[in-house]
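S.K.: The following block contains the structure, expressed as structure tokens.
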Amino acid sequence: MKLTEQRSSMLHGVLLITLFACAAFYIGDMGWVKALSLSPMVVGIILGMLYANSLRNNLPDTWVPGIAFCGKRVLRFGIILYGFRLTFQDVVAVGFPAIIVDAIIVCGTILLGVLVGRLLKMDRSIALLTACGSGICGAAAVLGVDGAIRPKPYKTAVAVATVVIFGTLSMFLYPILYRAGVFD
């Protein structure tokens, strides 16, 4: 295959993922979706699950490199840009004691997640990815750790889905529990 054909095929995969991303933002901006408190990320995960279970086998094989490129490189770049939202001044403003407390909570959550995963005889990669997503910042943390431990793609998908589902449930449950006086 010529170089221009490879680029064209890769572009098709990238454009497909761009279409999915635009669709996720468009659907996420609809009134009824906002009323359900579903973010574009959750909509994107749902679209990804639909893609994986229906369209994946019907796409040309030449599109796969573009899709894989988006799943690895573009996604990691997006995580880096997401991290830039937190500035050094923001970190300094909370103070050193708060940073220490945060570090202890994050490490404790990850350790507890790994231990619970062991007790439940879960796959080690899925347990670690889910624990990091729960302890740090959600799906972005799962995808960041994914690059370090390099699990099979389905394990990352399971961890992201788990973190997003429980995070979404928490968004609904925490206000209800607070109003019920559980946190008093």
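The values are calculated or read from the model by the stated rules, or taken from the named source; none is laboratory data. Keep in mind that this is a model prediction, so the values were computed, not measured. Ideal geometry is used to build each Cβ from the backbone, glycine not excepted, and the neighbour counts take in all protein chains shown.
S.K.: Can you spot a residue in the range 139-147 that is closer than 23 Å to residue 104 by Cβ and out of contact with any helix residue (DSSP H, G or I) (no Cβ under 6 Å at 6 or more places or on another chain)?
M.R.: Scanning the range 139-147, I find no residue that is closer than 23 Å to residue 104 by Cβ and out of contact with any helix residue (DSSP H, G or I) (no Cβ under 6 Å at 6 or more places or on another chain), so the answer is no.
S.K.: Among the listed residues 118, 73, identify the single one that is of a type in the set (D, E, K, R), outside the structural domain of residue 152 (by TED's automatic domain parsing) and outside any loop (DSSP other than H, G, I, E, B).
M.R.: On inspection, the qualifying residue turns out to be 73.
S.K.: Need pairs with beta-carbon distance below 9 Å; first residue in the same structural domain as residue 134 (by TED's automatic domain parsing) and within the range 98-110, second not in a helix (DSSP H, G or I); sequence gap 6+ or separate chains.
M.R.: So the pair list comes out as 106/136; 109/136; 110/136.
S.K.: May I pose another question? Restricting attention to the range 34-46, report how many residues are part of a helix (DSSP H, G or I) and crowded, with 17+ Cβ neighbours inside 10 Å.
M.R.: The total comes to 6.
S.K.: Are any residues in the range 134-144 among the aliphatic types (A, V, I, L, M) and buried (at least 20 other Cβ atoms within 10 Å of the Cβ), and if so, which ones?
M.R.: Listed by number, the residues that qualify are 139, 141, 142, 143.
S.K.: Could you check the range 158-175 and list, in sequence order, the residues that are without any contact (Cβ under 8 Å) to a residue 40 or more places away in the chain and either farther than 18 Å from residue 106 by Cα or out of contact with any Leu (no Cβ under 7 Å at 6 or more places or on another chain) (or both)?
M.R.: 158, 162, 163, 165, 166, 167, 169, 170, 173, 174, 175
S.K.: Mind checking which pairs have a first residue in the range 69-80 that is within 11 Å of residue 147 (Cα to Cα) and a second that is of a type in the set (Gly, Ala, Ser) and at pLDDT 75 or above, Cβ under 9 Å, 6 or more apart or different chains?
M.R.: Qualifying pairs under 9 Å: 72/147; 76/144; 76/147.
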